[in-house]
Amino acid sequence: MNGSFTIPKFRLPTFVASLGRKLPQWPHALALVGGLNAALKMNLLPESELALLEDKLFRVRVLDTGGEACYTYRNGLFRPVFSLQREPDLAFAANLSAYLQLLARQEDPDTLFFSRELEITGDTELGLVVKNMLDAVEWPKFSARLPLLRH
């Protein structure tokens, strides 16, 4: 194994999304919030930007799985939102492969956005803050804490 794995662009069959939309969505929010709070605890997210997220509502949709996660940042923690009372301040929508490519740093948000593989709606300035926060994550520091990610 050479240590470099490329995530291909793919789209799951449409029946997956139609099934996924019928399933409870709260586990997605719990999983995403758990990951974000773990990143907070490991000091991976720049603290200087976190105050700008206070009480903002976010939604992440995975189009080809039918999954959706809504969350907010309040009092130093990311928190799941199980029932939206208003439109999110910032929303992302993409297929699973695009999110995986983002996480692997194989693609950047700008490329995916301009190739229409990542839809971003809502507050443009907040979107830039989130993008800059993700760009600032030091992945070598992150992978050093998770031995399974090292090659």
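What follows draws every value from the coordinates through simple rules; no lab data is involved. None of the values given here were measured: they were computed from a predicted structure. Using ideal geometry, Cβ is built from the backbone for each residue, glycine included, and neighbour counts are taken over all protein chains shown.
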Least to most buried among Lys41, Lys56, Lys9, by other C-beta atoms within 10 Å and fewest first, runs Lys41, Lys9, Lys56
Using amide H atoms built in the peptide plane, which far-off residues or other-chain residues are under 5 Å from Thr65 H to H?
Leu96
For the chain, please report how many Lys pairs fall under 23 Å Cα to Cα, leaving out neighbours fewer than 8 apart on the same chain.
6
For the range 57-68, Karplus couplings with θ = phi - 60° (6.51, -1.76, 1.60), whole Hz, Gly/Pro x
9, 10, 9, 10, 10, 9, 4, 7, 10, x, x, 8
Amide H to amide H, which residues 5 or more places from Leu57 or on other chains are under 5 Å from it, using H placed in the peptide plane?
Asp89, Leu90
At the level of C-alpha centres, the distance separating the range 23-63 and the range 105-131, in angstrom, is 16 Å
Would you calculate the volume per residue, in Å³, of the smallest convex hull containing every Cα atom of the chain?
125 Å³
Residue by residue through the range 88-97, which ³J(HN,Hα) values in whole Hz follow from phi under the Karplus form 6.51 cos²θ - 1.76 cosθ + 1.60 (θ = phi - 60°), with glycine and proline marked x?
x, 5, 8, 9, 10, 9, 6, 6, 3, 4
